[in-house]
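S.K.: First the structure, which I've put down as C-alpha cells, then a few questions once you've had a look.
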C-alpha cells in the first residue's frame, strides 16, 4: 500500500510509537522510510539563533540511534536532519514529503514542541492542514493522555 513513508521523529516517546508503526508498515509493504528530524531554532537577539529545545543534541542523538537500529535490522531507511526557525517543523515535514514523493507521513500526536507549540498549536495539527499526502498520527497511550486527570482524581480521593 505505502512504498515511501516519511517519518517525523523528535526523540519523544510519542514519536517512538510512530517509529514502531512505521517499521511494521514498512516491513509489510517493503517500503522505504525517510526519517526527518527538525532542529527548530528561534532568534535570540544578539546571542544569535538558539535551539528551542535545551536538550536538542540529546534528542537528535536518540533519533540517530533509532535510525541506526533500523538500518542494522535491514530496513531501507534514510535520515535527514533539517534546521528550521520557530514554527517550521510542520512545514518542513510537508515540504520533505512533497519533495520525496511520500505516500504517507507518520508522526506522533504529542512530542517535544517548543515555544511555537504553545503559540501555534501542535506540529501534528498543523501538518494535517498543509500536508501534500495522508498523515497518520499515532496517539499517546490512553494513560499518558489522561495521566494528569488520573493523578488529580487519585489525589482528591486520598484526601
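The values are calculated or read from the model by the stated rules, or taken from the named source; none is laboratory data. Quick caveat: nothing in here was measured; it's all calculated off a predicted structure. Ideal geometry is used to build each Cβ from the backbone, glycine not excepted, and the neighbour counts take in all protein chains shown.
S.K.: Regarding residue 39, is this residue in a helix (DSSP H, G or I), under 17 Å from the mean Cα position of the chain (by Cα) and modelled with pLDDT of 85 or more?
M.R.: no
S.K.: Okay, next question. Here's a check for you: in the range 42-77, which residue that is surrounded by fewer than 20 Cβ atoms within 10 Å (Cβ to Cβ), touching a helix residue (DSSP H, G or I) at 6+ places or on another chain (Cβ under 9 Å) and assigned to a strand (DSSP E or B) is modelled with the lowest pLDDT?
M.R.: Only one residue tops the list, namely 51.
S.K.: Follow-up. Just checking, which of 80, 86 is under 21 Å from residue 2 (Cα atoms) and either surrounded by fewer than 17 Cβ atoms within 10 Å (Cβ to Cβ) or at pLDDT below 95 (or both)?
M.R.: None of the other options fit; the residue is 80.
S.K.: Here's a check for you: in the range 94-121, which residue that is modelled with pLDDT under 80 and assigned to a loop (DSSP other than H, G, I, E, B) is surrounded by the fewest Cβ atoms within 10 Å (Cβ to Cβ)?
M.R.: Among them, the one singled out is 121.
S.K.: Condition first: modelled with pLDDT of 90 or more and in contact with a strand residue (DSSP E or B) (Cβ under 6 Å, 6 or more places away or on another chain). Now tell me which residues in the range 1-14 satisfy that.
M.R.: Within the range 1-14, 2, 4, 5, 6, 7, 8, 9 qualify.
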